[in-house]
1. In region 118-139, which residue that is closer than 17 Å to Y99 by Cβ and either touching a Cys at 6+ places or on another chain (Cβ under 7 Å) or among the hydrophobic types (A, V, I, L, M, F, W, C) (or both) is surrounded by the most Cβ atoms within 10 Å (Cβ to Cβ)?
2. Enumerate the pairs (first residue in region 44-73 and not assigned by TED's automatic domain parsing to the domain that holds R13; second residue anywhere and of a type in the set (K, R) and modelled with pLDDT of 85 or more) with beta-carbon separation below 9 Å, excluding pairs fewer than 6 apart on the same chain, so at least 6 apart or on different chains.
3. Considering only region 94-139, state which residues are in a helix (DSSP H, G or I), of a type in the set (S, T, Y) and either farther than 16 Å from S61 by Cβ or at pLDDT below 95 (or both).
4. State yes or no: is R65 at pLDDT below 95, within 20 Å of L113 (Cα to Cα) and basic (K, R)?
5. Looking for something assigned to a helix (DSSP H, G or I) and touching a residue at least 24 places away in the same chain (Cβ under 8 Å) - is there at least one such residue anywhere in region 77-93?
6. Given the conditions (1) on the phi > 0 side of the Ramachandran plot; (2) at pLDDT 80 or above; (3) surrounded by 11 or more Cβ atoms within 10 Å (Cβ to Cβ), and given that G43 satisfies all but one, which numbered condition is not satisfied?
7. For region 78-98, give me each residue that is of a type outside the set (S, T, N, Q), crowded, with 19+ Cβ neighbours inside 10 Å and more than 16 Å from K134 (Cβ to Cβ).
8. For region 114-139, enumerate the residues that are of a type in the set (A, V, I, L, M) and either in contact with a strand residue (DSSP E or B) (Cβ under 9 Å, 6 or more places away or on another chain) or more than 11 Å from V86 (Cα to Cα) (or both).
Amino acid sequence: MISVVGGKLTEYRYMAEDVLNRAITLRHLRAAKCRTRNLPLIGAPANPGPAPGSGAGLPESLVARYGAEAANVAAAATCERPTEPVADGIDVTRAEFEYAVTHEGALDVDDILDRRTRIGLVPRDRERVVAVAKEFLSR
């Protein structure tokens, strides 16, 4: 058994690569080394999708977060006003809340606000969008 403890969000990919390579070595498995280092993440600079402000008609914040998947996030939305913000002054769209529930497995308000969008890091902003998050969870 190999255990991984601690880490930051920005380091999990490296940690996973190290664990897989170590497991392959320890168990004498016939497998290539982990190649995640060379695969661009969705929305990464090597895979940016539509350029912010392009004719795509999507909010720049949505494109900045989802890159090549931004159009899919918006297209998957069944809610009213999908590209509008969840609250004034917060650059997360209603489509992103819906996508968090329907495609990313968000199960509760904390999951949407703290893990998917990070809105929950600012208590005042959290209070302003809790009801909106509940709306999407109840659909």
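1. A133
2. Listed pairs, sorted by first residue: V73/R65.
3. The first filter runs over region 94-139 and keeps only residues in a helix (DSSP H, G or I), leaving 94-102, 109-116, 119-121, 123-137.
Then drop every residue that is not of a type in the set (S, T, Y), which leaves 99, 102.
Selection gives T102 alone.
4. On the way: at pLDDT below 95: yes; within 20 Å of L113 (Cα to Cα): yes; basic (K, R): yes.
Criteria met by R65.
5. So in region 77-93, the residues assigned to a helix (DSSP H, G or I) come out as none.
No, region 77-93 has no match at all.
6. (2)
7. The first filter runs over region 78-98 and keeps only residues of a type outside the set (S, T, N, Q), leaving 79-82, 84-92, 94-98.
Now drop any that are not crowded, with 19+ Cβ neighbours inside 10 Å, which leaves 82, 86, 92, 94-98.
Within region 78-98, P82, A95 meet the criteria.
8. Step one: list which residues in region 114-139 are of a type in the set (A, V, I, L, M), which gives 119, 121-122, 129-133, 137.
Within region 114-139, I119, L121, V122, V129, V132, A133, L137 meet the criteria.
The values are calculated or read from the model by the stated rules, or taken from the named source; none is laboratory data. Please read these numbers as outputs of a predicted model, since none were measured by experiment. Reconstructed Cβ throughout: ideal geometry from the backbone, glycine too, with neighbour counts over all protein chains shown.
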